[in-house]
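Peer 1: After the structure tokens below, expect a handful of questions from me.
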Amino acid sequence: MLTGNAQAATLADPSTLVVDTVGPVLTIGLNRPKKRNALNDGLMAALKDCLTEIPDEIRAVVIHGHGDHFSAGLDLSELRERDATEGLVHSQTWHRVFDRIQYCRVPVIAALKGAVIGGGLELACAAHIRVAEASAYYALPEGSRGIFVGGGGSVRLPRLIGVARMADMMLTGRVYSAAEGVVHGFSQYLIEAGSAYDKALELANRVAQNAPLTNFAVLQALPMIAEANPQTGLLMESLMATVAQSDQEAKTRIRAFLDHKTAKVRPS
Ligand SMILES: COc1cc(/C=C/C(=O)SCCNC(=O)CCNC(=O)[C@H](O)C(C)(C)COP(=O)(O)OP(=O)(O)OC[C@H]2O[C@@H](n3cnc4c(N)ncnc43)[C@H](O)[C@@H]2OP(=O)(O)O)ccc1O
């Protein structure tokens with residue numbers, strides 16, 4: 001991996017994030033509403049710090065946007081002339097930040113509203129669950145800006161919506177609606193305007209009640225199993241299932257169900 005001065009010079013700007021704890025949930029609010037939460041170097045460095053130091057008692061994370069939008073993507077005012085090395089360093093810096101989301105030890109839920117554009121969309125792709133309210137819209141206008149995605153979008157987005165649809169987004173620059181986002185498998189929830197944050201928090205509290213080992217398996221093992229060849233995947237699944245069910249947590253939880261001391265599965 002390349003390193004360089006462009007990266008070393010970046011200082012975290014704490015004012016660009018509002019970080020809070022709500023019970024077992026860490027909430028991270030992108031906080032540049034006047035700039036539609038465009039992702040500048042200071043915000044990206046702050047986000048990286050914040051995701052590196054998740055307290056032990058936190059069981060889930062919600063990332064949301066202050067103001068009317070999730071994020072308008074890369075802060076174009078910072079897209080200064082870069083030579084090839086600096087460009088690679090910049091892109092790889094973003095990769096490291098978004099990898100911290102994807103490989104976070106606890107589930108990360110993105111609460112989407114308004115503009116979810118370019119790098120903002122790439123950020124959302126790294127989360128484990130996406131909750132969109134009706135105001136959310138998605139676009140990849142990189143073509144019209146003369147650039148390419150640089151935050152892992154070409155790896156993560158096709159795995160969610162397919163290569164052809166991502167190609168359509170990039171080539172046409174078309175704005176996709178919140179409803180299309182659900183239909184195409186980008187977001188898992190579509191809810192009324194104004195409620196993405198509340199819904200994300202509700203879901204975060206729910207996943208926080210799971211056995212940590214099950215959540216770990218979903219975050220770390222499931223993506224690998226899904227991409228493995230079937231034989232390898234089935235073996236990995238068996239190993240993961242065996243580890244999980246032999247854990248004391250599973251034994252306690254199953255005993256509680258059999259003793260009628262825990263909730264049944266009911267439609268919500
Ligand atoms: C190359 O290596 C990379 C690339 C990347 C990632 C790339 C990308 O993310 S490309 C996508 C960049 N984003 C855009 O093109 C969106 C631009 N913004 C808009 O279209 C609109 O602002 C809007 C989001 C639809 C909202 O519209 P509206 O509500 O009308 O607000 P405005 O009046 O337009 O904006 C208010 C204020 O915010 C500024 N602003 C908005 N977006 C950005 C932005 N992306 N960058 C900088 N500034 C922005 C706007 O200029 C206004 O400022 P004023 O000073 O005029 O008030 C990743 C990694 C790589 O290595």
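Peer 1: Cβ-Cβ under 7 Å, sequence separation 6+ or interchain: first residue in region 28-44 and farther than 17 Å from ASP68 by Cβ, partner of a type in the set (Val, Ile, Thr) and part of a helix (DSSP H, G or I). Which pairs?
Peer 2: Taking only residues 6 or more apart or on different chains, the pairs are GLY42/THR16; LEU43/THR16; MET44/THR93; MET44/VAL97.
Peer 1: Follow-up. Counting only residues that are more than 11 Å from the ligand (Cβ to nearest atom), open to solvent by less than 50 Å² (accessible area, probe 1.4 Å) and more than 23 Å from ALA134 (Cα to Cα), how many does region 56-87 have?
Peer 2: Number satisfying all stated conditions: 2.
Peer 1: A further question follows. Any idea which of ALA221, ALA256, ALA263 is within 27 Å of the chain's Cα centre (by Cα) and either at negative phi or in a helix (DSSP H, G or I) (or both)?
Peer 2: ALA221
Peer 1: Here's something else I'd like to know. Checking SER77 against (1) over 17 Å from the mean Cα position of the chain (by Cα); (2) assigned to a loop (DSSP other than H, G, I, E, B), which single condition isn't satisfied?
Peer 2: Just one mismatch for SER77, condition (2).
Peer 1: From the set of residues in region 205-234 that are open to solvent by less than 50 Å² (accessible area, probe 1.4 Å) and without any contact (Cβ under 8 Å) to a residue 24 or more places away in the chain, which is nearest to ALA256 (Cα to Cα)?
Peer 2: Here the residue is ALA221.
Peer 1: Going residue by residue through region 64-74, is there one that turns out to be of a type in the set (A, V, I, L, M, F, W, C) and assigned to a strand (DSSP E or B)?
Peer 2: yes
Peer 1: A follow-up question, please. In region 108-129, which residues are crowded, with 24+ Cβ neighbours inside 10 Å, near the ligand (Cβ under 8 Å from one of its atoms) and either among the small types (Gly, Ala, Ser) or not assigned by the TED database to the domain that holds LEU201 (or both)?
Peer 2: Scanning region 108-129 gives ALA115, GLY118, GLY119, GLY120.
Peer 1: Answer yes or no: is there a residue in region 42-54 that is in the same structural domain as LEU201 (by the TED database), of a type in the set (Val, Ile, Thr) and buried (at least 19 other Cβ atoms within 10 Å of the Cβ). It would help to see each step written out before you state the result.
Peer 2: Of all residues in region 42-54, those in the same structural domain as LEU201 (by the TED database) come to 42-54.
Going one step further and asking which of them are of a type in the set (Val, Ile, Thr), we end up with 52, 54.
Now narrow it down to the ones that are buried (at least 19 other Cβ atoms within 10 Å of the Cβ): none.
No, region 42-54 contains no residue that is in the same structural domain as LEU201 (by the TED database), of a type in the set (Val, Ile, Thr) and buried (at least 19 other Cβ atoms within 10 Å of the Cβ).
Peer 1: Further question: For region 130-155, which positions are under 14 Å from the mean Cα position of the chain (by Cα), crowded, with 21+ Cβ neighbours inside 10 Å and not in a strand (DSSP E or B)?
Peer 2: Correct list: GLY151, GLY152, GLY153.
Peer 1: With LEU30, LEU39 as the choices, which residue is at pLDDT 95 or above, within 8 Å of the ligand (Cβ to nearest atom) and of a type in the set (A, V, I, L, M)?
Peer 2: Checking each option against the conditions leaves just LEU39.
Peer 1: Another one. So GLU202 clears everything in (1) open to solvent by 60 Å² or more (accessible area, probe 1.4 Å); (2) outside any helix (DSSP H, G or I) except one condition, right? Which one?
Peer 2: Only one criterion in (1) open to solvent by 60 Å² or more (accessible area, probe 1.4 Å); (2) outside any helix (DSSP H, G or I) is unmet by GLU202, namely (2).
Peer 1: Within region 180-225, can you find the residues that are out of contact with any strand residue (DSSP E or B) (no Cβ under 8 Å at 6 or more places or on another chain) and among the hydroxyl-bearing types (Ser, Thr, Tyr)?
Peer 2: THR214
Peer 1: Tally the residues that are open to solvent by 70 Å² or more (accessible area, probe 1.4 Å) and not hydroxyl-bearing (Ser, Thr, Tyr), restricting the search to region 235-248.
Peer 2: 6
Peer 1: Only residues in region 139-160 that are of a type in the set (Phe, Trp, Tyr) count as the first member; pair them with residues that are more than 9 Å from the ligand (Cβ to nearest atom), Cβ under 8 angstrom, at least 6 apart or cross-chain, and list the lot.
Peer 2: Matching pairs, first to second residue: PHE148/SER154.
The values are calculated or read from the model by the stated rules, or taken from the named source; none is laboratory data. Here the structure is a predicted model, which is why all the values come from computation and not from measurement. Quick reminder, even Gly has a Cβ in these numbers, built from the backbone with ideal geometry, and neighbours come from all protein chains shown. The area values use the complete protein model at the heavy-atom level, side chains included, leaving out ligands, DNA and RNA. Shrake-Rupley method; radii C 1.70, N 1.55, O 1.52, S 1.80 Å.
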